[in-house]
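Beneath this line is the structure, given in structure tokens, with notes to follow.
Derivation of every value follows stated rules applied to the coordinates shown; laboratory data play no part. These numbers come from a predicted model, not from an experiment. All Cβ positions, even for glycine, are placed from backbone atoms using ideal geometry, and neighbour counts span all protein chains on display.
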Amino acid sequence: MKTIKYTGLIIFLIGLAIFTASLFTGSFGLNESELNTFIDSKGYKSEIIKNELKKAVVDQRNLNIFEFSSRIRGAYQASNDYYDGLIAKYDAEKNWDKKGEQFQYKIYGKPHTLSYDIAKKAGSGFIKENAGIMWWLTFGLGILGALLFILPNLILLGPKGIKNNGIFHEASTNRGWIAWIVLAFLVSFYLTLYFAPDYVVNWTFILDPMSKALNGGEASQWFVYGFLYCVIMLVMAARMYIKYRHNKYQIIRTTSVLFFQIVFAFLIPEIMTSLNMPGYDFKNAFPLDYDFFFEWNLKSLTESGSIGLFILVWGIVLTLIIVPLMVYFFGKRWYCSWVCGCGGLAETLGDPYRQNSDKSLNAWKMERWIIHAVLVFSVVMTIVTLYCYFSGAESLLGIKSQWIKDTYSFLIGAWFAGVIGTGFYPIFGNRVWCRFGCPLAAYLGIVQRFKSRFRITTNGGQCISCGNCSTYCEQGIDVRAYAQKGENIVRASCVGCGICSAVCPRGVLKLENGPEKGRINPTDVLLGNDVDLMDLVNQKQ
Amino acid sequence: MKHIVIIGNGISGVTAARHIRKLSDKKITIVSAETDYFFSRTALMYVYMGHMKFEHTQPYENWFWKKNNIELKKGYVKIVETKSKTLHFANGDALQYDKLIIATGSKPNKFGWPGQDLDGVMGMYHKQDLDNLEKYAPNNKVCKRAVIVGGGLIGIELAEMLHSRHIPVTFLVREASFWDAVLPKGESAMINREILSNGIDLRLGVNLKEIKADENGRVKSIIIQETGEEIPCNMVGLTAGVSPNIDFIKDSETSAELGRSIETGRGIKVNRYLETNISDIYAIGDCAEQHEGIDQRRPIEAVWYTGRMMGETVAQTICGNRIKYKPGHWFNSAKFIDIEYQTYGWVWAQPKDHESRFYWEHQDGKTCIHINYDKNTREFIGINTFGIRMRHEFFDNVLTQKHSVDYVLEHLADANFDPEFYKLHEKDIVAKFNKENNTNIQLKKKSWTRIFQTS
């Protein structure tokens, strides 16, 4: 069994190595007519860009993606620099008409994104020509290897039950060198994906056939990410199913997040795109879906006929009515650990790291400041955006709509949710984003704390303060602090994953939806100890 | 300002300190020779197994003590001088107290076995035992086999610990079946099976004769009394129960000029107010011995929650609200490898004359319940539950209200505390009871109203 396991690990690492190495292969270049077609399709008015691009890449067949990207970005820079020069010149001459004319020639967009668009057309080589084989060598080997690594646990872990043996002895799960390498890999992955998508264009070639089959178009970097996300969740869900096979709550919950990720976040939007509808993830609620009220989205929805209108109404109803109502009945778990994609990744890929979340009081203080600040940020951004959308103004109270959207997208959307939120799993636990950053979680948390039927019930005086619950709480809640006092746990951040209840050796904790009365039960004296119990009861009345 | 000194930083002493602090601004000092900070002893096993780090066993962060103005002193108390109210430490320090709480807990029993003090022989109780275990049994290369002597809760935990590191274990149990002085036959047999199915070499009905040393004074093997069999091993765990850790009190007795000595039996004798025979000296937790057991409890209870309750109680008394220690209805819990166990009320190993029993076991052989009730009045007396979690509050209420066994069975759904979506066995259980007893008990649906009424 161990042989199978380690063979699996080697196969997985080979797949991962090929996947990573594939980025460094292929050659990029265009001939003149291809370039012309591209420029026409983009409708550039600049007279310089054609020449610059031609100088840079035409009839160059041996450029790798990095050199190619650098030349393309250089070409755009040169073109924009030229017109900036003219603008400055006319500005100095106070020739306003001439100055105004120049702006149309400027080419806007992130340099790496412009480069990605050309690279997608300009790539050639083994990967592009053998997407099928490459799929098997990367995704195929990765999946096969990971499953071979995971499935033997069915026997290796022993009889069903909580088997956390060795978690704090392993370099991978106890913040050792493996964890740091995984962190570095994940962070690099997200940095590249978000900020230099042209560097991962080779990955999109691998998935082009699959994307065409699903939505009719070529794969983008987001298609790669979405597909990878689903694959990782599926494989790591197999691990969950084995590890918690004695615990039906975990089995059903894992199935639920898997379903919502694959069907709602991945398949439905792809199919909608293929039907010329706006691709929409029906479970992704604002403000987690922070660009729902951005002009481009509102424009796209209002121009998409009845389905667009439906999405618009659904998105608003989801956030304002469905989400809080469901939190009232079931706690925020219905979203955070049963439906949400971020939660889904955290509960599958992230499960091996849950014990690394910080349980200190300081961490809790930081958490409350940061997550609520993000909530305020998202709401302010949306108010500014909507005001500008309806009034046609560029700013509200001095806050420029474009600036605040860009800032939020960059800081929260990319850095916090992606690079930090997922990249830091191995060291800071699997809910970094959900605990410290997610504005939707903050909103749900406020509802859960003040108006909900959900609580984790503490079973009388059975707690022995062992600390398993706190150790394995991914949200960094010091569960034991409540349990050992006989208090129920009612916390804004609890996502109801149910692991505290699972790891408790004494049957002390149970996730329950019950009447609000008696939900928060400060107990001065624990059950079982008869110290003036009647007096106490009388005092309370 | 009165100075309260507490010897022992376990659950009893720390609970007492916390509650005294809640109720007053007295000066509080906690003395410990074991560790700097309070930790949960019951969690030591999880540190060895790699489920947790030692710091996770500490329920309070290190700043907690200073913030709450509770002083911590590390040191070993050698003599208690009751006349001048002074503690003398092994290193020569002295400490004055106005009121003294002794909460020194237990120590593992040793019954004078030859070789019981060799290197590689240890209990599984103190932090130091954990350190020793890491030294003598870090893996199955250093420790080719371990032998555990004594089949109680700590014994099976130690077996599970060593098993988690793939160290072969021989488990010597004096009784004919595991923990059969406490568990009835069905449950005890179930745990025997659980131990064996984990590949642990369980030897029932055998005693340790001696532990043999190699040339370096380290454990080499043990000999079984009954068969004379020699079992080579590198580590021996002595887990034949615990007894009060009060040697220093007994040592203090010898010097009469230091004041009246504290009365001891197996533990420190206390009355229902947890007061010793010397005024201003109290004893709580595992080291305290009641003159007579309360209700049907034993005079000495080495249980986590009773330590905590005694701490809560003594804090009241010390802060001017003198009250009796009233532990309420018996309950307890444990986990035997993968099988969780809870008990509420009394289910003796052997039924008493007026008692009737009902036993239900699931076909998986890992789940059962055992109910004890009065043959004549049908009053519910207690329940053992294995592999099913039950609600403490429910049974506490049943016992207080003296409900019948029929009431309990009707309301089993209210009592269940398993995680959501778990398969419930209540129908099976009630059907079996009806069949065996010719009754017609109907299971009621779970009701929140009833569950909350009990509180």
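Per-residue ellipticity at 222 nm from helix content only, as computed over chain B with -39500 (n - 2.57) for each DSSP H run of at least four residues, stands at -7000 deg cm²/dmol. To the nearest 10 degrees, how steep is helix A:177-195 against the longest Cα principal axis of chain A, on a 0 to 90 scale? Orientation of helix A:177-195: about 40 degrees from the principal axis.
Under the criterion of Cα pairs below 8 Å and six or more residues apart, the relative contact order for chain B equals 14 percent. Of the GluC sites (Glu not before Pro) found in the range A:314-420, those that fall in a DSSP loop while having at most 14 other beta-carbon atoms within 10 Å are A:E394. For chain A, the convex hull drawn through the C-alpha positions has a volume of 179 cubic angstrom per residue. When only alpha carbons are used to place a centre, the range A:196-233 and the range A:123-181 end up 20 Å from one another. Taking every C-alpha pair closer than 8 Å and separated by at least 6 residues, the mean separation divided by the residue count of the range A:384-453 gives a relative contact order of 17 percent.
Pairs exceeding 24 Å between alpha-carbon atoms, taken from B:K185/B:K432; B:K83/B:K110; B:K423/B:K445: B:K83/B:K110. Of A:H169, B:H291, B:H88, the sequence from fewest to most neighbouring Cβ atoms within 10 angstrom is B:H291, A:H169, B:H88.
From the alpha carbon centroid of the range B:1-75 to that of the range B:142-181 is 30 Å.
With one equal scatterer per alpha carbon and no solvent term, the Debye-computed log10 I(q)/I(0) for the range A:46-130 at 0.16, 0.21 1/Å reads -0.66, -0.94. Applying 1/(1 + (r/R0)^6) with R0 = 22 Å to the Cβ-Cβ distance of B:K326 and B:N207 gives a FRET efficiency near 0.05.
Based on DSSP H segments of at least four residues, each scored -39500 (n - 2.57), chain A has a per-residue ellipticity at 222 nm of -17000 deg cm²/dmol. Here chain B is treated with +1 on each Lys and Arg Cβ and -1 on each Asp and Glu Cβ, and its dipole about the Cα centre works out to around 960 debye. Dividing the mean sequence gap of close Cα pairs (under 8 Å, 6+ apart) by how many residues chain A holds gives a relative contact order of 13 percent. Helices in chain B that qualify as membrane-span-like (whole DSSP H runs, Cα extent of at least 20 Å along the helix axis, mean Kyte-Doolittle hydropathy of -1.0 or higher) are B:304-318. Computed from point charges on the beta carbon alone (+1 for Lys and Arg, -1 for Asp and Glu), the dipole magnitude for the range A:169-261 about its Cα centre is near 620 Debye. Pairs from the table (A:K42/A:K121; A:K160/B:K444; A:K248/A:K332) lying more than 24 angstrom apart at Cα are A:K160/B:K444. Legend: P(r) of chain B from all alpha carbon pair distances, 10 Å bins from 0, whole percents, reading 4, 18, 25, 26, 19, 7, 1, 0. Among B:H362, B:H51, B:H425, sorting on how many other beta-carbon atoms sit within 10 Å of each Cβ, with the fewest leading, yields B:H362, B:H425, B:H51.
Judged by the gyration tensor of its Cα atoms, with axes a ≥ b ≥ c, the range A:453-532 is oblate; a/c meets the 1.5 cut and b/c is at least as large as a/b. Considering only Cα atoms, the convex hull volume of the range B:331-453 works out to 111 Å³ per residue. A Cβ-based charge dipole, computed about the Cα centre of the protein assembly as shown with Lys and Arg at +1 and Asp and Glu at -1, lands at about 800 debye.
Loop-located trypsin sites (Lys or Arg not before Pro) in the range A:65-97 (DSSP state other than H, G, I, E, B) with a sparse environment of at most 12 neighbouring Cβ atoms within 10 Å: A:K94.
Within 10 Å of the Cβ of each residue in B:43-51, the mean number of Cβ atoms contributed by other protein chains is 6. Of all aspartates and glutamates in the structure, the ones whose alpha carbon falls short of 13 Å from that of B:K135, not counting any fewer than 8 places away in one chain, are B:D119. Mean projected area of the Cα convex hull of the protein assembly as shown, taken over all directions, amounts to 50.4 nm². Shielding by partners for peptide B:332-340, expressed as the average number of C-beta atoms from other protein chains within 10 Å of each residue's C-beta, is 4. Going from the fewest other Cβ atoms within 10 Å to the most, the residues B:C233, A:C438, A:C336 appear in the order B:C233, A:C438, A:C336. Applying 0.36 nm per residue to the separation of A:I10 and A:I307 and subtracting their alpha-carbon distance, the gain on full extension is 102.2 nm. Per residue of peptide B:419-428, the mean number of Cβ atoms on other chains within 10 Å of the residue Cβ is 4.
Given the range B:124-242, what whole percent of its Cα pairs are spread farther than 24 Å? Considering the range B:124-242, 22 percent of its Cα-Cα pairs are separated by more than 24 Å.
Cross-link check: pairs A:K485/A:K517; B:K127/B:K335; A:K359/B:K144 evaluated at a Cα-Cα cut-off of 29 Å; pairs beyond the cut-off: A:K359/B:K144.
Against the main long axis of the alpha-carbon atoms of chain A, helix A:248-259 sits at an angle near 10°. The chymotrypsin sites (Phe, Trp or Tyr not before Pro) of the range B:21-98 that meet both conditions, a loop assignment by DSSP and at most 13 other Cβ atoms within 10 Å of the site Cβ, are B:W63. Think of the protein assembly as shown as a dipole: +1 on every Lys or Arg Cβ, -1 on every Asp or Glu Cβ, centred on the Cα centre; then among B:P419, A:A122, B:I222, B:P419 lies furthest on the positive end.
Say the dipole of the range B:331-453 comes from +1 at the beta carbon of Lys and Arg and -1 at that of Asp and Glu; which of B:T367, B:L443, B:I429 then lies farthest toward its positive end? Of B:T367, B:L443, B:I429, it is B:L443. Of all lysines in the structure, those lying under 18 Å Cα to Cα from B:K85, and not within fewer than 8 positions of it along the same chain, are B:K2, B:K26, B:K27, B:K73, B:K99, B:K250.
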